[in-house]
Amino acid sequence: ASSQSTVLVVLVALCFLEVGLGFSLSSMPLSGQSCMRRSVHRSPRSLWSMLAKAKSDKFQVLLKSTVEGVGKANQVVQVNSGYFNNFLRPKGLASVISDEEVKIKEANEREALAKLKQDAINCATEIQSIAVITMKRKLGENGKIFGTVTHKQIVEEIKLKSGGKVDLSTKNKMDFPEIHGLGEYGVTIHLHPEVTATLKLKVVKE
């Protein structure tokens, strides 16, 4: 990386030298020739082209694993060719990906995200149709139920009430109050960042 930076600095300096002083390295006199400045016949654009080429010496790659300071797994990033050839490729951490492949990847990701959201909407519809789940609990002498109602118990009750159509995970976040007595409680289930479902939970005496 340091050697490449040095090359870039030298190229920039040479470009300014050509533009500012009006001569190029190819026009400098050889031994025995006149030291008088000769007219410039080569455009400074040549060095600018070399600079652009040196700066564009990068690869577009798809990371197969998270690489600290570079990116996360499945992310498309730009890296120096030397870094890719000497480190990422030998270790199997990345592969070159074309612009067309990037477009296909992005389209597939959009399709997958849309499916996840639609599945969440369908699940929410099923939960809303259930409307109410009921749990029976024994009461203690103080009128409080034995134990409490847990996230897992609600998941199991919803699956039972839906006939197996709604099979939630304990990873699905739920909002409901801590339950220690009989009564009716609201439960909000987070199925997707943009989709939630609500139902009522009735706790009755066994």
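Descriptive notes on the structure:
- Loop-resident sites, the stretch 68-167, for chymotrypsin sites (Phe, Trp or Tyr not before Pro), counting at most 14 other Cβ within 10 Å (DSSP): 146
- Across every pair of non-identical alpha carbons in the stretch 70-139, the mean reciprocal distance, once inverted, gives a Kirkwood radius of 16.5 Å.
- Orientation-averaged projected area, Cα convex hull of the stretch 68-205 (nm²): 12.4 nm²
- Pairs beyond 27 Å (Cα-Cα), from 58/115; 72/159; 64/152; 117/173; 159/202; 152/200: 58/115; 72/159; 64/152
- With bins 10 Å wide beginning at 0, the percent of Cα pairs of the stretch 118-168 falling in each bin runs 23, 44, 22, 10, 1.
- For the stretch 59-98, taking Cα atoms only, Rg and Dmax work out to 8.5, 23 Å respectively.
- Label-point separation in nm, residue 184 to residue 98, each point 7 Å along Cα→Cβ: 6.3 nm
- The trypsin sites (Lys or Arg not before Pro) of the stretch 134-197 that DSSP puts in a loop, and whose beta carbon has at most 11 other beta carbons within 10 Å, are 138, 171, 173.
- Using distinct alpha-carbon pairs, which all enter the 1/r mean, Kirkwood radius of the stretch 162-206 in Å: 12.1 Å
Any read-out appearing in this document is the output of simple, stated calculations on the displayed coordinates, not a laboratory observation. Being a predicted model, the structure only gives us computed values, none of them experimental. Please note: Cβ atoms are built from the backbone with ideal geometry, for glycine as well, and neighbour counts cover all protein chains shown.
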